[in-house]
Amino acid sequence: NYEFTLDVYRDCRPESQGGGTPGALIDDAPAIIGIFRGNQTLKVRNVGTDTINIVPPLFANNCLLNPPIRCISRIRFRFIENLPPHPDGYSLVYQRCCRNASTLNLRNAGTTGNSFLCTIPPNDNCGNSARFKNVPPQIICINNPFVFDCSAIDIDGDSLSYSFCAGLQGGGSSPSPPNGPNSPKPSPPLGPPYLNIQYRQPYSAFNPVSANPNFSINPVTGVITGTPTLQGIFALSVCCREWRNGVL
């Protein structure tokens, strides 16, 4: 029996201030989660809300004299599923559109959705995923050095490594057909593999922010450093990889 926790972070500012539309926020629940064995659909779960919390802004920097209005809410879904060890392994996915249209480093951000993916490796013996220790700050200051501990904890004692990586596409902005693969909330979600989100030049998954020095992440400690030089909203993804006896 595996317990799964899905956290989705939403922009809860008023729509007039660039936040999410009220209807979209309401439609986040229930979460429609596809369970795949290999690339075959095994089950679709409709998971109700566990909790909804407002996330503290987490910025305390004297460079910020007049902070912009921020509101991030976290909606959490939690469920238990019995998945016996299998040579094909399992994938669980939740897909939802869309991202903030003003995101500077993405192409077509306002119509690009997300795939939230969790994999269970072949013949897994009830392992645990790593969990990130800290929630990133919602605002950082341009022309000020930025340092953030993006490391994780693994209760199994496995070795962890870190890198920037690309977010995954999933869902779209098409209302027709309802719940279709290009709808904002596909039901059922499409199975793997998934396309990476598309970055505007000169940005990439590994160069996600205008900065000097560039943003980088220490592969061993998970600490992100860099000095941003352009005001705006940027998408940045971090992958934590788990190793046991040298095997990913």
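For the chain, relative contact order (Cα pairs under 8 Å, six or more residues apart, normalised by length) works out to 20 percent. Note on K133 and S173: the model spin-label points, each 7 Å out from Cα along the C-beta direction, lie 4.0 nm apart.
The distance between label points at Q201 and C239 comes to 2.5 nm (points 7 Å beyond Cα on the Cα→Cβ vector). Karplus-based coupling profile of the range 238-244, in residue order and whole Hz: 10, 10, 10, 10, 10, 10, 9, with θ = phi - 60° in 6.51 cos²θ - 1.76 cosθ + 1.60 and x standing for Gly or Pro.
Classify the range 1-85 as rounded, prolate or oblate from the Cα gyration tensor: take a ≥ b ≥ c as the square roots of its eigenvalues, call it rounded if a/c is under 1.5, otherwise prolate when a/b beats b/c and oblate if not.
Working: a/c = 3.20, a/b = 2.18, b/c = 1.47.
Prolate.
For a 4.7 Å threshold on C-beta separation, the list of partnerless cysteines in the chain reads C118, C126, C150, C240. A full extension of the chain between N82 and N53 corresponds to an added length of 7.6 nm, given 0.36 nm per residue minus the alpha carbon distance.
Size check on the range 160-234: the Cα extents along the three principal axes, sorted descending, read 46, 32, 15 Å.
Spacing of the modelled spin labels on N182 and D156, each 7 Å from Cα toward Cβ, amounts to 3.9 nm.
Taking only alpha carbon atoms, the range 95-193 gives an Rg to Rh ratio of 1.05, where Rh is the Kirkwood radius. Across the range 103-120, computed HN-Hα scalar couplings (Karplus, 6.51 cos²θ - 1.76 cosθ + 1.60, θ = phi - 60°) run 4, 6, 9, 10, 7, 6, 4, x, 10, 9, x, 10, 10, 9, 10, 10, 10, 10 Hz from first to last residue, x flagging Gly and Pro. Within the range 116-248, the percentage of alpha carbon pairs spaced more than 19 angstrom apart rounds to 61%. Surface listing: L230, L248, L64 arranged by accessible area from highest to lowest gives L248, L230, L64, probe 1.4 Å. The reciprocal of the average 1/r between distinct C-alpha atoms defines the Kirkwood hydrodynamic radius, which for the chain equals 19.4 Å.
Each of P67, G23, Q40 was placed along the dipole of the range 1-68 (beta-carbon charges, centred on the mean Cα), and the one lying farthest toward the positive end is Q40. Give the carbon-plus-sulfur fraction of the accessible surface of the range 148-248 in %, rounded to a whole number; probe 1.4 Å, heavy atoms of protein chains only. Accessible surface attributable to carbon and sulfur in the range 148-248 totals 56 percent.
How much area per residue is accessible in the chain when the probe is 1.4 Å and only protein heavy atoms are counted (Å²)? Before the final figure, lay out each step's value.
Values: 13800 Å² over 248 residues.
Spelled out: the 1.4 Å probe surface of the chain, per residue, equals 56 Å².
Reported to the nearest whole Å, the Cα centre-to-centre distance from the range 141-204 to the range 27-91 is 12.
Within the listed set G170, G113, G19, the Gaussian network model of the chain (springs between alpha-carbon atoms below 10 Å) gives the highest mean-square fluctuation for G19.
If the viscosity is 1.567 mPa s and the temperature 4 °C, what Stokes-Einstein diffusion coefficient in µm²/s follows for the range 191-248 when Rh is the Kirkwood radius over Cα pairs? Could the numbers behind the result be given before it?
Working: Rh = 13.6 Å.
For the chosen part, D equals 95 µm²/s.
Ignoring ligands, DNA and RNA, please state the percent of accessible area on the range 70-125 from carbon and sulfur, probe 1.4 Å. With neighbouring chains kept in place, the figure for the range 70-125 is 47 percent. Measuring nothing but how far apart in sequence close Cα pairs (under 8 Å, 6+ apart) lie, relative to its length, the range 1-93 scores a relative contact order of 42 percent.
The values are calculated or read from the model by the stated rules, or taken from the named source; none is laboratory data. If you're wondering where the values come from, they're calculated on a predicted model, not measured in any experiment. All Cβ positions, glycine included, derive from the backbone under ideal geometry; neighbour counts span all protein chains shown. When the accessible area is computed, the model is the full protein with side chains, heavy atoms only, and any ligands, DNA or RNA have been set aside. Shrake-Rupley method; radii C 1.70, N 1.55, O 1.52, S 1.80 Å.
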